[in-house]
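The values are calculated or read from the model by the stated rules, or taken from the named source; none is laboratory data. Please read all numbers here as calculations on a predicted model, not as lab measurements. FYI the Cβ positions are ideal-geometry reconstructions off the backbone, even for glycines, and counts take in every protein chain you see. For the accessible areas, the whole protein counts, side chains as well, though only heavy atoms, and no ligand, DNA or RNA atoms are used. Shrake-Rupley method; radii C 1.70, N 1.55, O 1.52, S 1.80 Å.
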Amino acid sequence: MTEQIMEEAIKTRVIGVDISNERTSCAIVDIRGNILAERHFGTWEYLDANDFVTALSSEIVTMAEENGGYETIRSVGISAPSASALTGCIVNSPNLPWKGIVPLGAMLRDRLGMAVRMDNDSHASALGEREFGSAHGMNDFIVVSLGVGVGSCFFSNGHEHKGFEGFAGEFGHMCVVDAPDARVCGCGKKGCLEAYVGANGVVRTAQELLAERSDTPSLLRDAETITAKFVSECCDKGDEIAIDTFRRTGYLLGFGLANYASLTDPQIIILTGGVSKADKWLMQPLRESFEEHVFRNIRGKVRIVRSMLNDRERDMLGASVLAWEVPEYSLFK
């Protein structure tokens, strides 16, 4: 009888939460990595962090009750931009609605009454790639996310490097342009890589090229709103300015990745996020720049690939890995 009770007490499901700049998604994930249920809402619908946590708690509880019961959930993992795994806080995020230090991990734990673990979105994404994606079975790799923000995480000798305060891998905030007219990044610094190769950076480059080449015809001139995705679509139609936009983007990204790889010596670099979907228009100039600038002893040896996983699913799965790693705790055992 005792063995039966112990067996029934083992919980085989967790909640994975992905907080992105546009949408917050949460899912019930089982021990095999299957997503059993999913809900989402707009991140910017809640400009107050307390209101956001209330909404997220409600979504999690409702989803759990509709899919086997709240008592079947072991713990919660959260993937969020500018988050520190060491403190469970979102710290000075340039792209989320809440400023300053937000102890979101503790806030959600108090609302739900169960264990919560939070980590930077790039770190959670890397966990997803290690467990379910292109880095499976690898010990030394880099994962770079290319969205509105640009982040990264690297594993060395099978271990994720987080740094002293938990902010290691802020690849987007390395300075690549040191000039008086360098672009101002969302973090407040000038010349950050994110300001050039993030989604908004791609748009800015396109706009600058349109202004520089006022006599060159382009599909971009007729667009009401230019997005990185639209620039990529114009590349497919042979648009010269769109192609040159990604040529410049790829060059700078390859330059940054070459420095990154020269320090870490990875087996593979995995690109995720919307900007990475530009395919050859980004990848060809990126690889050329990378091989030109990387340390010669690893030249030609580092694979650079796009993630084969759906971005939102991978990040929720990565968050679920965080949930499995935190010691179980519940007020409702």
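Cα-Cα over 29 Å: which of K99/K190; K189/K229; K11/K99; K280/K301?
Working: K99/K190 20 Å; K189/K229 26 Å; K11/K99 36 Å; K280/K301 20 Å.
Exceeds cut-off: K11/K99.
To one decimal place, what orientation-averaged projected area in nm² is obtained for the convex hull of the Cα set of region 122-199?
Numbers: hull surface 22.7 nm².
With the hull built on Cα positions only, its mean projection is 5.7 nm².
As a test of the definition: which semi-axes, in Å, follow for region 128-249 when you take the square root of five times each eigenvalue of its alpha carbon gyration tensor? Largest first, please.
Values: eigenvalues 211, 70, 20 Å².
Value: 32, 19, 10 Å, ordered largest first.
What is the Cα convex hull volume of region 1-149 when expressed per residue in Å³?
Details: hull volume 19.4 nm³, N = 149.
Considering the Cα atoms of region 1-149, their hull volume per residue is 130 Å³.
log10 I(q)/I(0), Debye, Cα-only region 85-151, no solvent, q = 0.11, 0.14, 0.22, 0.29 Å⁻¹?
-0.35, -0.55, -1.00, -1.19
Note down, for region 275-333, the three equivalent ellipsoid semi-axes (square root of 5 times each alpha carbon gyration tensor eigenvalue), biggest first, whole angstrom.
Numbers: eigenvalues 293, 53, 10 Å².
Over the Cα atoms of region 275-333, the semi-axes work out to 38, 16, 7 Å.
Can you check what the Kirkwood hydrodynamic radius comes to for the chain, Cα pairs only, in Å to one decimal? Mind dumping the intermediate values first?
Details: mean 1/r = 0.0481 Å⁻¹.
This gives a value of 20.8 Å.
Note down, for region 5-55, the three equivalent ellipsoid semi-axes (square root of 5 times each alpha carbon gyration tensor eigenvalue), biggest first, whole angstrom.
Working: eigenvalues 162, 34, 9 Å².
Equivalent-ellipsoid dimensions as semi-axes: 28, 13, 7 Å.
Based on DSSP H runs of at least 4 residues, each adding -39500 (n - 2.57), what is the mean residue ellipticity at 222 nm of the chain after dividing by all its residues, to the nearest 500 deg cm²/dmol? Could the numbers behind the result be given before it?
On the way: 10 runs with 128 residues, N = 333.
So the helix-based figure for the chain works out to -12000 deg cm²/dmol.
With every protein chain present, what is the per residue accessible area of region 203-257 (1.4 Å probe, Å²)?
Numbers: 2880 Å² over 55 residues.
On a per-residue basis, region 203-257 sits at 52 Å².
Once you list every other residue whose beta carbon is under 12 Å from the beta carbon of D18, what net charge do they have if Lys and Arg are +1 and Asp and Glu are -1? Display every interim value, and only then the final one.
Working: positive: R23, R39, R312, R314; negative: E22, E38, D119, D121, D311, E313, D315.
Local charge sum for D18: -3.
Counting only heavy atoms of protein chains, what accessible area per residue, in Å², does region 275-333 have with a probe of 1.4 Å?
On the way: 3370 Å² over 59 residues.
Roughly 57 Å² per residue, with all protein chains present.
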